[in-house]
Amino acid sequence: MGTFQRRSSLHWLFIVSLAAGLGLVTLLSLTGSLGWLHWRLDLTAHFKQQYLVVCLCAVVCLWLWRTCVWRRWLLGLSLFGLALNLVAVVPWYLPQPTVVTPAMQLRVLHANVLVRNRNHESVLALVKETNPEIAIFQEVNTRWLEALEPLRTTLPYQYAEPDAAGFGNVIFSALPLQQPSVQFLGQSEYASLVVQISKGGKTVSLLTAHPPPPIREELFQWRNQWLAAIAPFARSQTHPLIVIGDFNISMWSPYYQQAVQAAGLQNSRAGFGILPSWSPRRWLPWLAIPIDHCLVSSDIVVQRTQTGRNIGSDHLPLLVELAIP
């Protein structure tokens with residue numbers, strides 16, 4: 001009798017825990033769209049693929065577990081959560097039209113190297129393997145700038161953020177960097193590098209920036225101010241535009257969506273998948289989220305976007321192949 005009661009208690013404990021977990025995941029699937037109410041709610045927007053996997057596993061388990069108490073209710077909740085996240089995730093895998101006769105093709109590499117990372121050789125090897133015409137590195141300091149100096153043999157043109165103490169940006173290029181400038185979009189704490197690049201009779205504008213991680217209210221506001229300033233900057237450009245960097249935001253945040261829509265830009269990963277690029281720990285890849293982005297204007301065609309291999313950073317590199325008709 002005692003054994004039966006213990007089994008019954010464990011059964012109900014499992015059912016209640018499952019119901020609470022599914023309820024929490026479904027709630028988090030909804031709260032991300034309410035990020036304008038509080039910065040912590042915005043953080044819940046970035047884990048759509050994780051919510052999707054949890055709900056999918058729950059649907060499969062409950063479909064097979066036909067004797068489960070509350071099965072119909074739990075299955076309905078799982079299907080609701082699954083639908084919420086499928087709508088957010090699946091469109092990123094739908095193929096995009098890429099037929100174009102390009103006048104200019106450009107391969108761009110972006111990598112947040114992580115300032116405390118000392119695996120310099122891995123980054124140099126990555127550049128050699130991918131052979132980009134533009135290579136952008138973030139979280140660089142003086143040590144990193146010195147370590148990256150060998151890149152000048154194949155990417156002789158360089159523009160670095162002056163006096164960067166660990167959150168800096170640097171651009172290496174095989175093509176001359178025209179009209180380089182440092183700009184502070186929307187706030188005065190985090191710089192953006194702006195250059196123009198010409199090839200094959202075409203000129204493009206490129207902006208790279210690394211707004212702060214939204215881990216407290218002040219940083220959250222600075223990031224959002226930078227995002228809001230993208231639209232007026234984009235409207236001021238007379239050439240096709242590339243905006244690339246670690247934005248510390250995913251595609252599912254309402255602040256990201258508002259900024260991209262207002263600027264008339266598209267994310268290069270559209271059609272190529274979610275491509276998670278950052279994880280809080282390298283040994284927790286299942287928590288990875290997509291916060292490194294390449295945004296392009298409508299007159300640029302994305303031929304390919306992919307993440308690169310591990311370079312010792314908490315971010316994966318982003319490699320983008322572009323064509324400008």
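With θ set to phi - 60°, apply the Karplus curve 6.51 cos²θ - 1.76 cosθ + 1.60 along the range 211-221 and write out the HN-Hα couplings as whole Hz, x wherever there is a Gly or Pro.
Values, residue by residue: x, x, x, x, 9, 8, 4, 5, 5, 4, 5 Hz.
Taking only C-alpha pairs under 8 Å that are 6+ residues apart, what is the relative contact order of the range 178-317 in percent?
On the way: 256 pairs, mean separation 26.8, N = 140.
Relative contact order for the range 178-317 comes out at 19 percent.
Taking all protein chains as present, what is the carbon and sulfur share of the accessible area of the chain, in % to the nearest whole number, probe 1.4 Å?
Numbers: 9410 of 15400 Å².
Carbon-and-sulfur percentage of accessible area, whole number: 61.
Measuring with a 1.4 Å probe in the full set of protein chains, what accessible area per residue, in whole Å², belongs to the chain?
Numbers: 15400 Å² over 325 residues.
Counting only protein heavy atoms, the per-residue value for the chain is 47 Å².
Taking the Cα centroid of the range 183-253 and of the range 102-126, what is the distance between the two, rounded to the nearest whole Å?
Using only Cα atoms to place each centre, the spacing works out to 19 Å.
Would you be so kind as to identify which of Leu227, Gln187, Asn141 lies farthest towards the positive end of the dipole of the range 100-241, taking Lys and Arg as +1 and Asp and Glu as -1 on Cβ and the Cα centre as origin?
Leu227
Whose amide H sits under 5 Å from the amide H of Gln303, counting only residues 5 or more places off or on another chain, with H placed in the peptide plane?
Glu321, Leu322, Ala323
Explain nothing, just compute: Karplus ³J(HN,Hα) = 6.51 cos²θ - 1.76 cosθ + 1.60, θ = phi - 60°, for every residue of the range 105-121 in order, whole Hz, x for Gly and Pro.
Calculated HN-Hα couplings, in order: 10, 9, 9, 10, 10, 10, 8, 7, 7, 6, 4, 7, 5, 10, 8, 5, 4 Hz.
Along the charge dipole of the chain, Cβ charges K/R +1 and D/E -1, which of Gly23, Ala88, Phe172 sits furthest on the positive end?
In the chain, that residue is Gly23.
From the square roots a ≥ b ≥ c of the eigenvalues of the alpha-carbon gyration tensor of the range 34-107, which class results: rounded (a/c under 1.5), prolate (a/b over b/c), or oblate? Could you put the intermediate results ahead of the total?
Values: a/c = 4.12, a/b = 1.83, b/c = 2.25.
Cα axes put the range 34-107 in the oblate bin.
Classify the range 203-325 as rounded, prolate or oblate, taking a ≥ b ≥ c as the square roots of the eigenvalues of its Cα gyration tensor: rounded when a/c is under 1.5, otherwise prolate if a/b is larger than b/c and oblate if not.
Values: a/c = 2.07, a/b = 1.21, b/c = 1.71.
Oblate, since a/c reaches 1.5 and b/c is not below a/b.
Under 1.5 on a/c is rounded, so check that first for the chain, then, if it is not, pick prolate when a/b is larger than b/c and oblate when it is not; a ≥ b ≥ c are the square roots of the alpha carbon gyration tensor eigenvalues.
Prolate.
The values are calculated or read from the model by the stated rules, or taken from the named source; none is laboratory data. All values derive from a computational prediction rather than experimental measurement. All Cβ positions, glycine included, derive from the backbone under ideal geometry; neighbour counts span all protein chains shown. Side chains included, ligands, DNA and RNA excluded: accessible areas come from the protein's heavy atoms. Shrake-Rupley method; radii C 1.70, N 1.55, O 1.52, S 1.80 Å.
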